[in-house]
Amino acid sequence: MKQKYWLWIVPTGLMLLFVFLGILPRLAIHKELQAAVEAEENRIPQVNVITVTRIEDSTYLSLPGQIQPYRETGLFARTDGYLKSRLVDIGSEVRAGQLLATIDAPELDQELMRAKAEQKLAESNLERSRSVALVGAVAQQDLDSRNATYEINTAIVRRLEALQKLQEIRAPFAGVITTRNVEIGAMMNTGTSLPLFTLAQTDTLRVLIDVPQSYYRSIHIGQPVHVTVPELPDQVFNGTVIRTSGVLRPESRTLLTEVVIPNLARDLMSGLYGQVSFRIKPSTAPIVIPANTLVIKPEGPQVAVVGPDQLIRYRPIEIGKDYGTAVEVIRGLVGDEKIVTNPADYLQEGQLVQFAAALVKK
């Protein structure tokens, strides 16, 4: 009987020991895991967001142009004769008003001498008539005639003296002589179409550019530009838009634009080909977002937008320029939206979220 009792109590004890040492701890662990899962399911996920803003972006429009002198003119003979002296040659830098050449016009000189003699005679006759003391000794008509003769001779002398001054060829402005077409002794003729010299102002240069129709609204008077030339790759020259034609050329649909470049150091030469870069600002500032806010799905790129109700809404977007760490958004966002950075895969449409401790990054 006693032996049967031990045969029954031993298995029962072993069973109870198995329950306490094996099953009960496992049940406790399972309960804890289940509670943790339920807590995790009920926990509101935290997300980091940024506020979408528009940025002031700009691009550069580069157009070709030929560099020209700011002013350039041909100097012609304004009186007939022979070139008496030439004081400058090509490459000569001259001042405003500087004497460049003289013309010998002997016929003009003789005509001036004769006119001065006639003027002196007319003046003498007029003075004798005026010096007569007896009233009525000289008729008023005779006095008026001699006075008119003197005035006419004076006008002739002044005209010839003015023509004589034209025998001197002077620089109308400071610049450089770029061409010379005469030698000493050459006959000068006022009717010739070939200038004696060509004078160019090169301390300031200008560039004429044809701006396409699509950019004409971006060009403004006073707008700064950058000018580069292939022969000077390490130099950038600053210029300014000083005028435009105000109308588009009908044959090319372009706006003629003039840019001025200071050239006091004479680093640039007239005739060089250059590239003129205009800084163009878009009419509407673009939206640029970090690349880590993108959610790539089969239907296209999206972003996770957190609305005022703290719910996730996935919004499709259209991407423009790719800057590597950021992208331009052409469509899908208007600005001021809050979008999630590094959105997790578990975030679902319509899911309630809360902002992380960092809150909103602007």
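Within the set Ala96, Ala77, Ala115, Ala101, the sole residue that is open to solvent by 60 Å² or more (accessible area, probe 1.4 Å), over 30 Å from Thr293 (Cα atoms) and of a type in the set (Gly, Ala, Ser) turns out to be Ala96.
Checking each residue in the range 61-109 for being of a type in the set (S, T, N, Q) and on the phi > 0 side of the Ramachandran plot picks out no residue at all. For residues that are outside any strand (DSSP E or B) and open to solvent by 90 Å² or more (accessible area, probe 1.4 Å), scanning just the range 317-341, find the one that is farthest from Val49 (Cα to Cα). Going through the qualifying residues, I end up with Tyr323. Restricting attention to the range 202-216, the residues that are open to solvent by 30 Å² or more (accessible area, probe 1.4 Å) and under 13 Å from Arg253 (Cα atoms) add up to 6.
Only a single criterion out of (1) of a type in the set (Ser, Thr, Tyr); (2) open to solvent by 80 Å² or more (accessible area, probe 1.4 Å); (3) modelled with pLDDT of 90 or more is not satisfied by Thr284, namely (3).
So in the range 124-142, with the set limited to residues that are part of a helix (DSSP H, G or I) and surrounded by 15 or more Cβ atoms within 10 Å (Cβ to Cβ), which one is modelled with the lowest pLDDT? Result: Ser129.
Scan the range 91-110 for residues that are assigned to a loop (DSSP other than H, G, I, E, B) and under 30 Å from Thr202 (Cβ atoms) and the total you get is 6.
Condition check ((1) assigned to a loop (DSSP other than H, G, I, E, B); (2) open to solvent by 40 Å² or more (accessible area, probe 1.4 Å); (3) more than 30 Å from Ile177 (Cβ to Cβ)) across all residues:
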{"position": "Gly222", "(1), (2), (3)": "yes, yes, yes"}
{"position": "Thr228", "(1), (2), (3)": "no, yes, no"}
{"position": "Thr257", "(1), (2), (3)": "no, no, no"}
{"position": "Ile261", "(1), (2), (3)": "no, no, no"}
{"position": "Leu264", "(1), (2), (3)": "yes, yes, no"}
{"position": "Gly274", "(1), (2), (3)": "no, no, no"}
{"position": "Ile289", "(1), (2), (3)": "no, no, yes"}
{"position": "Ala304", "(1), (2), (3)": "no, no, yes"}
{"position": "Arg315", "(1), (2), (3)": "no, yes, yes"}
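The set of residues in the range 162-195 being part of a loop (DSSP other than H, G, I, E, B), open to solvent by 50 Å² or more (accessible area, probe 1.4 Å), polar (S, T, N, Q) and modelled with pLDDT under 90 consists of Asn189, Thr190, Thr192, Ser193. A Cβ distance below 8 Å, combined with a sequence gap of six or more or placement on separate chains, defines the contacts here; from the range 39-56, residues that are part of a loop (DSSP other than H, G, I, E, B) reach residues that are at pLDDT below 75 and not polar (S, T, N, Q) in the pairs Thr53/Lys362; Ile55/Ala285; Glu56/Lys281; Glu56/Ala285.
The values are calculated or read from the model by the stated rules, or taken from the named source; none is laboratory data. Given the structure is predicted, the values throughout are model-derived calculations rather than measurements. Note: ideal-geometry Cβ built from the backbone for every residue, glycine included; neighbour counts use all protein chains shown. Heads up: the accessible areas ignore ligands, DNA and RNA and are worked out on the full protein's heavy atoms, side chains in. Shrake-Rupley method; radii C 1.70, N 1.55, O 1.52, S 1.80 Å.
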